[in-house]
1. Starting from the residue with the highest accessible area, list Thr255, Thr24 in decreasing order, probe 1.4 Å.
2. If DNA, RNA and ligands are ignored and the probe is 1.4 Å, what is the ranking of Leu129, Leu191 by accessible area, most exposed first?
3. Multiply the residue separation of Glu245 and Ala211 by 0.36 nm, subtract the distance between their alpha-carbon atoms, and state the gained length in nm to one decimal.
4. Just flag the chymotrypsin sites (Phe, Trp or Tyr not before Pro) in the range 55-144 sitting in loop per DSSP whose Cβ has no more than 11 other Cβ atoms within 10 Å.
5. So, taking all protein chains as they sit and a 1.4 Å probe, how much accessible area belongs to Cys65, in Å² rounded to tens?
6. Provide the net charge surrounding Ala26, with neighbours chosen by a C-beta distance below 11 Å and charges set as Lys +1, Arg +1, Asp -1, Glu -1.
7. Testing the spin-label approximation: label points 7 Å from Cα along Cα→Cβ at Gln159 and Thr147. State their distance in nm.
Amino acid sequence: MTVAEDVCTETTGVPAETMPAAGTVAVGAAAQELRLKRGEFAIAVHLGLIRLTVPRDGGRPRVGCEEIGRLRSQDGFPEELRERVRTVGTAKGAQQLGISPDRFTKLARAGCFTPVTFYLNRYRAIVWLYLADELTGFAARESQLLTGRSPAWLRDRLQGGADCRAVNWRSRRVERLLSLMEDPWARVAVLADTLDPVQLAEVVDDPYERAYLARMRSGPAFGPTGPVWARETTARLMQADEPDEMLWRRVSLITELDNAREARQAPRPGGDRRAFPCPGAEHEPAPDSRADPERGPESAAVPAPPPATSSIPGATPSPTPGRAWGSIHGPSPTPGPGPAPSLVRTPADTSEPAVGLLARIGLRRRTARAAKRRPSPPGRAPLGG
């Protein structure tokens, strides 16, 4: 049993324009009209030879009738179209280049040509496939690599254990998907698939944004087909596994994520949107009754005074809006004459930005000390008693 890569073929052709469902057909019917097999149709979509459209009401991608007519009207249809998407494995590729299968594998591992797709054989091993048209072009450009002794750079690369087939396939696929995506969050979703969940959580720390990226991922053109283990193998193959590649993907993801956040924010539960503070934006938190031991709990709801005033005569406002020294470390230990600093604490409000780890630890310690000082309720012995 073999499982082809069409279980993970991208669904986006030209995402900008959509057409009514009456002018489109399903991808299965389109493949029959174009006289292509499922794998050939998937490769044609990946290469940009066939443009898919998305209905206005959502759903799976479809193929426009005008697109089918354009392809059928080309010269040499369907042989010309099928030749452009024809793939070969190691044995047939070596036969086409006139070399041994072992030399063909070495050239592929060294990155001399890039696989376009793959399938999993009965042993769940990855079998790479290459475009026959690209192999013909490689033979015309690099004929010196097909005969004689391999160059030194090729031998050194292979002796170091290099295998560029997965990296080149992944780079080719990602670049192709990015060229098709116009929505900024869809571009982020493409790059998010190249990182494992741990690294993705380090870059995209917002769980709602990660959930939104999961919904923005492109799916298979023919729907989720094949066994689960085949889809899991394909998902793992999409993830970067080289240190340099992982670093490059992380940097690219950060750049695309910043662009997406500027365009719009990821949806939040209940239609709420996360408000990212702009650099330099000032925010003055409301005072907490704990900042002044003489104030009672009734004053906790009193709104914050203007920044120019303070509850202590002669005090100056905090130089950093929204975060004062007293909110984390207590009063400033700086001795000497001068006005006393204003003691302002940030209340525990979900709308405020999350405080740092040290601040949370400090609050927990103060809470624990307050709990120890609190008298025990009637009928219960104090802790440690």
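The values are calculated or read from the model by the stated rules, or taken from the named source; none is laboratory data. Quantities reported herein were computed from a predicted structural model and do not represent experimental measurements. Note that each Cβ is placed from the backbone with ideal geometry, even for glycine, and that neighbours are counted across all protein chains shown. The protein model used for the area step is the full one, side chains on, heavy atoms only, and it has no ligands, DNA or RNA in it. Shrake-Rupley method; radii C 1.70, N 1.55, O 1.52, S 1.80 Å.
1. Numbers: Thr255 70, Thr24 10 Å².
Accessible-area ranking of Thr255, Thr24, largest first: Thr255, Thr24.
2. Working: Leu129 30, Leu191 5 Å².
Greatest to least solvent exposure: Leu129, Leu191.
3. On the way: separation 34, 0.36 × 34 = 12.24 nm, distance 2.41 nm.
So the chain would gain 9.8 nm between Glu245 and Ala211.
4. Tyr123
5. Accessible surface of Cys65 is approximately 70 Å².
6. Charge balance near Ala26 sits at +1.
7. So the two model labels end up 2.6 nm from each other.
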